[in-house]
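Since the structure comes first, as structure tokens, the remarks are kept for the end.
The values are calculated or read from the model by the stated rules, or taken from the named source; none is laboratory data. Source: prediction; values computed, not measured. Positions of Cβ are generated from backbone atoms using ideal geometry, with glycine treated the same way; all protein chains shown enter the neighbour counts. Heads up: the accessible areas ignore ligands, DNA and RNA and are worked out on the full protein's heavy atoms, side chains in. Shrake-Rupley method; radii C 1.70, N 1.55, O 1.52, S 1.80 Å.
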Amino acid sequence: MRIYKVGGAVRDRLLGKPVTDIDWVVVGATTEEMLAKGFRPVGADFPVFLHPKSGEEYALARTERKSGRGYGGFTFHASPEVTLEEDLIRRDLTINAMAEDDQQNLTDPYHGQRDLKARLLRHVSPAFAEDPLRVLRVARFAARYAALDFSIAPETLELMRQLSESGELEALTPERSWKEISRALMQDQPQVFVEVLRACGALKVLMPEVDALFGVPQPPVHHPEIDTGTHTLSVLQQAALHKQPLTVRWACLLHDLGKGLTPEDEWPRHIAHEFKGLNLIKAVNERFKVPRDCQELALLVGEYHTHGHRALELKPSTLLELLQSFDVYRRPQRFEEFIAACEMDARGRKGLEERSYPQADYLRGAATAARSVAVQPLLEKGFKGPELGEAIKRERLKALKLYKEAASA
Ligand code: CTP
């Protein structure tokens, strides 16, 4: 039995990047031998085991063949005769298809080292096409290594294009897609992920609502970059620069979907795009079974981002409605994330990246003012049930009027 480190651990060590988890491949062993050594099988019918102490993944060397659509459509063959080279050739990228023994001797039959030096993401063999998730993986790696100047080999991009056109992407499960999308959005340059998906035609399949934003103009006074797709990418980039959490990044990506629905004869204005976009945001959320906190924030940011920008001009009653919609009394964090998304939207515009955003503090102050209304005195006055609710609202409105007056004085 010979054991090698494979995949990301080898790649990231050669890149001088921190290695988080290590995958191992075992050549020349049987399932029975692994079990006898105390390894725990991961799934009932997959030759992958967990190390009894470290918990790291050890996979028997295997070959794979596609036998149907989607991820389920795989047959694999694991036996002690399968060589390391045979195992490596079924992998996605050359830089992920290197192995290392315990003396750090490298096995690199598909020239991963050469491609690391050339900063190229290149597929190992035509078997790349057997797992459509790899289209998203390559886009994610492009985003992750963008700062190192990696690019995608033209022949790999062509293969990604063919895969996107073939209808195979539709067979991906929401869970697998979301895992890639969410990881990609958390990179330092998440906009590269979207750009790559667009370049290979995958964006049109996965998120046609986002793809539709490219080529849609906006008024140059507010949007010197003009194009809505370009704007969306810049907003995402700002969110990453400002280290925003996944919820905010997801909301940034989807905030302007309604603009893709505006009839051309109304361009470059987008009346009521906030409201019109809600069904589209909902559809994308459901398509990828997006976690609830991301879903909620995306819908709220979609509906209210223009309110955020106009915060200083809003009437106290409109401010109150905004705060109620966010339930700022019980969900203060979600309102903070809304403010962050609005600020990223304001900065994700050509030449305006460094602008100040006084709306942020103004909104925070309004939330504090509304929250400062004490319920106890109203209870003591005998209010209860729906009347109590109305009385609290009246007091909050008073507090917001005073707040607005004080802020504009
Ligand atoms: N792999 C593959 N195709 C996939 C998923 C994984 O070929 N769809 C192979 C690659 O060789 C990859 C290895 O399995 O390097 C381990 O996969 P994974 O742990 O998902 O990714 P890493 O490459 O380790 O990258 P990351 O650091 O992003 O986890």
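Pop the C-beta distance of residue 264 and residue 313 into the FRET formula with R0 = 35 Å and round what comes out to the nearest 0.05. According to the calculation, E is roughly 0.75.
Can you tell me how region 1-111 classifies by the Cα gyration tensor, rounded, prolate or oblate, using a/c under 1.5 as the rounded cut? Judged from the Cα gyration tensor, region 1-111 comes out oblate (a/c at least 1.5, b/c at or above a/b).
If R0 is taken as 25 Å, the Cβ-Cβ distance between residue 292 and residue 170 corresponds to a FRET efficiency of 0.55.
For the chain, the mean projected area of the C-alpha convex hull, equal to one quarter of the hull surface, is 25.6 nm². Think of a 1.4 Å ball rolled over the protein heavy atoms: the chain then has 48 Å² of accessible area per residue. For region 217-309, rounded, prolate or oblate, judged on the Cα gyration tensor with a ≥ b ≥ c (square roots of eigenvalues), a/c < 1.5 rounded, else prolate if a/b > b/c? Taking the square roots of the gyration eigenvalues as a ≥ b ≥ c, region 217-309 is oblate. Measure nothing but the geometry: give the 0 to 90° angle between the long axis through the Cα atoms of 316-326 and the longest principal axis through the Cα atoms of the chain, rounded to 10°. Helix 316-326 and the main axis of the chain meet at about 30 degrees. The residues packed around residue 335, meaning those with a beta-carbon under 15 Å from its beta-carbon, carry a net charge of -3 if Lys and Arg are +1 and Asp and Glu are -1. If you take every residue apart from residue 406 with its C-beta less than 14 Å away from the C-beta of residue 406, what net charge results, scoring Lys and Arg +1 and Asp and Glu -1? Summing Lys/Arg as +1 and Asp/Glu as -1 gives +1.
Taking only the alpha carbons of region 41-192, we obtain Rg and Dmax values of 16.1, 45 Å in that order. Among residues other than residue 183 with Cβ under 9 Å from its Cβ, the summed charge is +2 (Lys and Arg +1, Asp and Glu -1). Short-range pairs are left out: with C-alpha atoms under 8 Å and at least six residues apart, the relative contact order of region 242-358 is 29 percent. Region 73-109 and region 113-150 have Cα centres lying 16 Å from one another.
With 26 Å as the limit, the listed pairs 66/179; 17/350; 5/117; 259/289; 17/117 have 17/350 beyond it between alpha carbons. Computed over region 107-244, the convex hull of the alpha-carbon atoms projects to a mean area of 9.4 nm².
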